[in-house]
1. Can you name the number of the only condition in (1) within 14 Å of Trp134 (Cα to Cα); (2) surrounded by fewer than 16 Cβ atoms within 10 Å (Cβ to Cβ) that Leu106 fails?
2. What is the one condition in (1) at pLDDT 85 or above; (2) surrounded by 10 or more Cβ atoms within 10 Å (Cβ to Cβ); (3) part of a loop (DSSP other than H, G, I, E, B) that Gly66 does not satisfy?
3. Counting residues that are closer than 16 Å to Val43 by Cα, which strands (runs of 3 or more DSSP E) fully inside region 80-137 reach at least 2?
4. Report every pair of residues separated by at least 6 positions or lying on different chains whose Cβ atoms are under 6 Å apart, first residue within region 72-94 and free of Cβ contacts under 8 Å to residues at least 40 places away in the same chain, second of a type in the set (D, E, K, R) and part of a strand (DSSP E or B).
5. Just the residues that are touching a Phe, Trp or Tyr at 6+ places or on another chain (Cβ under 9 Å) and either charged (D, E, K, R) or under 16 Å from Asp93 (Cα atoms) (or both), please, taken from region 112-128.
6. State whether one or more residues within region 69-91 are exposed (fewer than 12 other Cβ atoms within 10 Å of the Cβ) and over 15 Å from Val116 (Cα atoms).
Amino acid sequence: MRFYRGERVACIVSLILSLGAVAGAQRHYEEESRWEQLGRAYVDGRVDHDRISVNNRYGYRALQLGVKGGAIEFQRVVVHFENGADHQLEIRDRIPDHGKTRVIDLPGDHRRIRSVEFWYSKERWRAKPYVNLWGRR
């Protein structure tokens, strides 16, 4: 079976167009699901809770907390939404230095967050650890 020149060109063109469409769809998915840093709170050990205010107009599907500067044991985490609703997250874990919580899906679709408040066990840290809040749209 021989391919004529016109058929080869048509096959190559359709292959290139198909790959371009797949790459465009993948790029759109990655842009929609990328993580954004929403805020940071430094933990000093004198108080047992802190709050991270979120100052943007976007809605988020999932959250994740990251810890740097020392391990932090979370007791309670509450997300305060812009519409006045609150949602308590089940994080009763000790997150190590440079560690992250699991990905936490939020109820509903693309919820706008006003703040995230978290309570933790007091400890004596050498330096002030901090908690980064990440959100995925």
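1. Every condition holds for Leu106 apart from (2).
2. (3)
3. Values: elements: 86-89, 111-120, 130-136.
The strands (runs of 3 or more DSSP E) meeting that bar are 111-120, 130-136.
4. Going by the 6 Å Cβ cut-off, the qualifying pairs are His80/Asp86; His80/Arg114; Phe81/Arg111; Glu82/Arg112; Glu82/Arg114; Arg94/Glu73.
5. Arg112, Arg114, Phe118, Trp119, Tyr120, Ser121, Lys128
6. The initial filter retains those residues of region 69-91 that are exposed (fewer than 12 other Cβ atoms within 10 Å of the Cβ), namely 83-84, 86, 88, 90.
Subset that is over 15 Å from Val116 (Cα atoms): none.
So far as region 69-91 goes, no, none of its residues is exposed (fewer than 12 other Cβ atoms within 10 Å of the Cβ) and over 15 Å from Val116 (Cα atoms).
The values are calculated or read from the model by the stated rules, or taken from the named source; none is laboratory data. Owing to the predicted nature of the structure, the values given are computational and were not obtained by experimental measurement. Ideal geometry is used to build each Cβ from the backbone, glycine not excepted, and the neighbour counts take in all protein chains shown.
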